[in-house]
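Single-structure report; data block below.
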Amino acid sequence: MEEPWAGHRPEPAIKNALRGTDSPALPSTTSERQNQRRGSVGSVLSRIERAPGILSGALDRWQTLDAERGLLYESRVETTFEDDERRAEALEQPYPDQQLDRKSSAHSVQSKQSHLDDPPHDPYLVTWESTRCEHENPRTWTYWHKMRVLVMYAMFSGIGPWASSMASPAVSSIESDLHFKSSIESQLIIAIFVLALVFGPLVSAPVSETIGRRKVVLYCNPIFIVFNIGCAVAKTDAQMIVLRFFAGVFSGSMIPMGGGCISDLFEADQRGMAMAMYSVVPVFGPCIGPVVAGWIIQGWGADRWRWIFWTWTMVAGVAQVIGMLFTRETYAPLLLRHKAKKLRKENNDERYHSIFEKVNENWQQKLERVLLRPVVFLTTELVVLLPAIYQSIMYGCFYLLIASLPRVFEGKYHFSVGISATHNAALGVGMIIFGQIQGMMIDVVYKYMRKRNGGSAQPEYKLPMLMVTVFLAPSALLLFGWTAQYQKPWIAPDIGLCMMGIAIIGTILQVQMYMVDLMGIYASSAISANLSLRSLFGFGFTMVAEPLFNRLDIGWGVSLLALITAIFGIPSPFLLYKYGPALRRRSKYCVKT
């Protein structure tokens with residue numbers, strides 16, 4: 001097989017000279033060791049020159065293999081739901097007893113192959129319809145039962161975001177008591193937690209495919225509680241930073257479980273509203289956390305900052321008890337594997353199997369898919385990178401605004417700590433109220449676009465609402481920044497915060513919905529890439545908040561953010577809508593509709 005870099009460029013003369021080819025004979029005084037040294041240098045230069053081609057070829061081969069392997073395995077999640085009705089109709093006899101000959105079953109497998117390598121009439125294939133049991137399929141649960149389960153996962157997904165910002169009103173008190181060396185270092189109290197949210201989801205995603213979503217949240221939450229208790233009793237700055245990091249890792253591990261639950265429970269045209277309702281808790285969390293903490297500081301005194309961590313430890317403990325009682329598993333592959341295992345035990349017959357046991361990934365393949373694929377998406381897929389950057393900028397602005405509120409309302413308006421922290425709720429009002437409206441509108445606009453275009457389903461149909469939202473963010477930032485700078489009535493910057501809340505929740509919802517439709521069965525990897533990138537931006541923006549506002553103050557500092565959101569945000573949905581189909585056709589992963 002010809003190497004991908006072969007024939008693309010001529011051999012440079014200098015390289016031939018260094019290799020010793022086509023060069024005049026060396027003087028007899030030149031030693032053999034010098035010739036070998038020249039040859040080794042030429043070999044090294046040759047390898048360096050060929051490295052980009054080697055890497056490009058290796059990446060291309062890995063993408064091809066990964067796309068084929070992903071299509072074989074990950075499509076089983078969706079087709080499990082879609083094909084059950086067809087499988088049930090194909091069964092012409094009651095579910096077989098354990099005396100059926102293995103040979104006849106194997107012969108039927110060879111004679112009639114489906115696109116999943118599992119024939120509809122395989123008598124030992126365990127599906128939702130296999131034992132005629134109702135309500136085993138999560139998508140057949142009643143709407144209100146789905147919502148109860150979703151609330152449980154939203155509760156666990158919200159613990160990390162709520163804990164991320166709750167220390168914001170107490171930073172100065174913690175800095176003084178634990179002897180932080182600088183104000184930049186004290187910003188790590190919040191920023192290190194946000195950075196930890198990058199790593200948790202990357203680990204929990206492959207683990208959840210083995211042990212399920214329920215066990216991930218029920219195992220990670222107690223570990224978060226332990227590290228959060230450590231923060232409450234920390235004696236030094238190093239202890240606080242390290243413990244906050246690990247608390248962030250384990251609380252962040254629970255965040256993707258809620259999004260996965262939505263995929264498990266709802267059909268594609270129902271997920272907009274479901275995502276809007278679910279997102280209230282984890283997105284509103286960073287807004288309400290400082291409010292609770294602010295009133296603890298104001299009511300009990302600055303020296304009682306440890307009660308911020310004790311309070312949230314108690315909340316997480318209550319969530320653990322409720323979750324153990326009411327959280328249900330929703331991950332289809334695990335449910336079917338458990339069902340097949342139960343049937344094998346009850347019937348003493350090892351032939352019962354689910355579609356997910358037929359071809360399984362090993363840990364190496366699973367880690368490659370979860371850890372490497374998001375990086376590949378961000379570096380090779382423009383349709384993933386462009387909205388991911390804009391969403392990350394918005395998320396960074398979100399945390400930067402939270403970090404700026406004590407400076408605005410305590411420093412400029414001279415409000416008390418509790419009252420100042422209450423203004424975080426202005427962001428939350430926009431997120432909660434208008435987030436639900438936008439979630440509904442995403443589904444309405446999507447159905448309208450499909451109907452207008454003859455029923456075709458295009459990922460770009462999720463972008464029209466984003467075309468409106470991108471203009472709102474710069475306006476909201478300018479309104480907040482300059483009304484706060486000139487100390488206009490406090491309601492004016494609060495209106496700006498509310499508008500920014502609308503823009504933030506709208507961006508998160510629409511980008512995630514676009515990713516789901518864009519990447520199809522690879523949506524979890526695309527969302528994981530988005531989540532990791534936006535957490536990195538949240539960490540970076542939080543760290544620059546102090547020097548940014550010290551140098552430019554609120555007005556010009558926020559105006560710089562408005563300029564960045566306008567440059568990256570306004571063109572993005574229009575470019576994706578116009579060029580998205582062409583980019584998707586060139587991709588190995590994107591939906592090709």
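A short reminder: the numbers here are calculations on the coordinates, not readings from a lab. Note that the structure is a prediction, hence the values are computed from the model and not measured. Here the Cβ is made from the backbone with ideal geometry for all residues, glycine too, and neighbour counts use every protein chain on show.
Points to keep in mind about this one:
- Each residue of the range 319-324 was assigned a 3J(HN,Hα) from its phi angle through the Karplus curve 6.51 cos²θ - 1.76 cosθ + 1.60 (θ = phi - 60°); the sequence is 4, 5, 5, 5, x, 5 Hz, with glycine and proline shown as x.
- N550-R586 FRET efficiency (beta carbon distance; Förster radius 30 Å; 0.05 resolution): 0.05
- Label separation (L563 vs F245): 3.4 nm, computed from points 7 Å beyond Cα along the C-beta direction.
- Shape class of the range 134-329 from the Cα gyration tensor (axes a ≥ b ≥ c, square roots of the eigenvalues): prolate, since a/c reaches 1.5 or more and a/b is larger than b/c.
- Projected onto its three principal axes, the C-alpha set of the range 389-531 covers 58, 29, 21 Å, listed from the longest axis down.
- Counted charge near I322, where neighbours are those whose Cβ lies closer than 14 Å (Asp, Glu -1; Lys, Arg +1): +3
- Extension gain, I223 to Q436: 0.36 nm times the residue separation minus the Cα-Cα distance gives 73.4 nm.
- Pair L325, K215: separation of 7 Å Cα→Cβ label points (nm): 2.4
- Pairs beyond 32 Å (Cα-Cα), from K146/K451; K339/K451; K341/K588; K146/K447: K339/K451; K341/K588
- Residue-count net charge about A526 - beta-carbon cut-off 10 Å; Lys, Arg +1, Asp, Glu -1: 0
- When you count the other C-beta atoms within 10 angstrom of each residue and take the mean per peptide, 405-417, 230-242, 388-400, 183-195 line up highest first as 388-400, 183-195, 405-417, 230-242.
- For V126, the residues whose amide H sits under 5 Å from its own are H353, S354, I355, ignoring neighbours fewer than 5 places away on the same chain, with H placed 1.01 Å from N.
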